[in-house]
Amino acid sequence: MTNIDLGLSHPKLSISAIIPVYNGEKYLGEAINSILTQTYPISEIIVMDDGSTDQTAEVVKTFPSIRYYYQTNQGSAVARNEAIKLAKGNYLAFLDADDLWLPNKLELQVKTFQQNSEIEMVSGYVQQFISPELSETIKQEISCPQQPMVGTLMSALLIKKQAFFKVGEFDVNTVVGEFMDWYKRAMDLKIQIVMLPDTIMKRRIHKTNKGIKQRQQAISEYLMIVRKSIAQKRNLNQ
């Protein structure tokens with residue numbers, strides 16, 4: 001892996017923002033900017049490039065404060081796990097390379113942590129949007145809810161690093177369901193989570209979303225996760 005630059009530092013609560021990316025040149029710059037313009041300062045941004053063959057690295061180089069690493073293509077679960085090992089912050093935040101944080105996301109979440117030291121994870125609501133550059137024909141083919149949804153997405157979370165490791169790393173055997181598997185384990189462990197009523201991020205809908213392109217794989221993995229959770233609960237009750 002190749003390190004381009006060091007991250008930012010800040011004396012307050014230390015947050016590492018992690019972006020896993022594969023061929024994300026189209027939207028990556030917007031995602032990074034949405035982190036850099038937060039009303040609560042980020043401590044560092046780590047971009048883990050999962051074997052991109054496009055101009056992803058060149059996009060990152062336009063942001064000199066980013067910590068950039070490259071690995072051969074192994075999937076987003078491996079990319080996230082490797083980035084977490086490199087993270088210096090005591091809190092972790094994640095952002096997919098095609099999504100956006102709203103400017104006050106971290107500020108709202110940090111205030112929540114400051115109000116209650118027992119909290120381990122804070123999320124909020126997510127507004128989905130159709131990527132504006134798509135043609136009207138394509139837009140009409142895409143279903144996009146108008147109302148914000150509960151943020152059970154990795155990109156919506158801010159989590160204490162020690163709480164993340166209590167749950168464990170992402171399952172590298174999953175292709176698209178690594179967060180669903182991790183989140184289910186977190187709920188089984190009764191990780192203390194607060195769901196803010198505020199909308200804190202925007203999820204971009206486009207023709208190449210991983211969950212859309214690999215829908216059958218996603219359904220298969222989600223079913224596997226549910227079965228695994230049921231089996232684990234049965235074993236605990238025996």
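What follows is calculated from the coordinates using simple rules that are stated; it is not laboratory data. Predicted model, so just to flag it, every value in this text is computed and none were measured. Positions of Cβ are generated from backbone atoms using ideal geometry, with glycine treated the same way; all protein chains shown enter the neighbour counts.
Check Y70: other-chain or 5+ apart residues with amide H under 5 Å from its amide H, H built from backbone geometry?
Amide H neighbours of Y70: T2, D49.
With unit charges on the beta carbons (Lys and Arg positive, Asp and Glu negative) and the dipole taken about the Cα centre of the range 47-163, which residue among T137, N90, L102 sits farthest to the positive side?
N90
Okay, which of the range 21-57 sit inside 20 Å, backbone N to the point 7 Å along the Cα-Cβ direction of K111?
35-43
Fully extended, how many nm does the chain gain between N90 and M149 (0.36 nm per residue separation, minus their Cα-Cα distance)?
This chain segment gains 18.5 nm when fully extended.
Amide H to amide H, which residues 5 or more places from D198 or on other chains are under 5 Å from it, using H placed in the peptide plane?
Correct list: Y125.
Could you give the length gained by full extension between K207 and A57, i.e. 0.36 nm per residue of separation minus their alpha carbon distance, to one decimal place?
51.7 nm
Along the Cα→Cβ direction, 7 angstrom out, place labels at L36 and K166. What is the inter-label distance in nm?
The answer from the label model is 3.5 nm.
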